[in-house]
Each structure stands twice: as structure tokens, then as C-alpha cells.
Amino acid sequence: MADNSKLDVDSSAVQAHLTIMQGVITRMAENSRSCKVWCVTLVAAVLVLVARTGEPQHALIALIPTLLFLFLDAYYLALERAFISSQNRFVDKLHKEELAPAAIYKVAPTGMGSRLVLRCLFGSVSILPFYLLIAATVLVLWGWVL
């Protein structure tokens, strides 16, 4: 990219960068949705097997994928939020005309870390209540069958 070319909203490089960022954000949201779908599928499969075998203690095995998908879902949500933050900073710099040409080629999350993952885990209405409901369902069915 030539140094004399101006980076503005209409620049094809800026548009391509924003398209890439939006694509990454969309994939993280899709990954989060997939975590929920796979969790429900695996828990339901385990509970069906428990019902067929008549071994209620095996129902607790369904808590393992529930916990794993809980943390994976929180991680994907944290990545999504970090990429949104990165995209917002990019756009702010673009509008303030502080955007360096090198920023066009950098696609990285901003502020990603364990603190953000924990905040997503405990602060999101789309994660903790969903997985708590699944865990509660498993425990109720386990107690009911016992």
C-alpha cells in the first residue's frame, strides 16, 4: 500500500478488513451456538442410554460434557467480545484519522484473557443459566430415577 494513499471508510483495504473482522465475529457466535447444540445432543443421548440400561448413577456422566461445553462456550463468547472490541477500536481510529496502514493487516482480539472469559462465564445470560438448567435437569432425573 502506498504511503500517500489515504485510509478512509471507502478504502477497499478498510472494507476488506472490516469484512474479515465481521466474519471472525460471526464464526465465534456460531461456535457458541454449536456448543449449546452439541451439549443438548450429548446430554440427551446419555440420558436415553441411562433410561435404557436402568443404571441411574450413569446419568452423572452427562455433567462432564455440560461442564466442558460451559467453559468452551464462555471462551468463544469472550473471543467474540474481544474481536468486537478490536473492530470498534479500528473504526474509532479510522474516524479519528489515527489509523496506521499496518493496522489493516492485523486481525487480533483486543483484551482477551482469563478475566474476560470469567466475566462471560458468570455475566452472560446466554451461558450460565443455560448450562445450569441442563445440569439441574440431569441432577433431577438422576434423583428421580434413583
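Read-outs throughout are calculated quantities, based only on the coordinates presented, and are distinct from any laboratory measurement. If you're wondering where the values come from, they're calculated on a predicted model, not measured in any experiment. All Cβ positions, glycine included, derive from the backbone under ideal geometry; neighbour counts span all protein chains shown.
Observations, loosely collected:
- Pairwise label distance in nanometres, GLU98 with LEU118, each label 7 Å out on the Cα-Cβ vector: 3.0 nm
- Rg/Rh for the chain (Cα atoms only, Rh after Kirkwood) is 1.21.
- Burial ordering of TRP142, TRP38, fewest other beta-carbon atoms within 10 Å first: TRP38, TRP142
- LEU132-ALA45 FRET efficiency (beta carbon distance; Förster radius 22 Å; 0.05 resolution): 0.65
- Cα gyration tensor, segment 72-124 - rounded (a/c under 1.5), prolate or oblate: prolate
- Counting other Cβ atoms within 10 Å as a rough exposure proxy, the listed residues VAL40, VAL24 run VAL40, VAL24 from fewest neighbours to most.
- Taking other C-beta atoms within 10 angstrom as a stand-in for reagent exposure, PHE71, PHE130 fall in the order PHE71, PHE130, fewest first.
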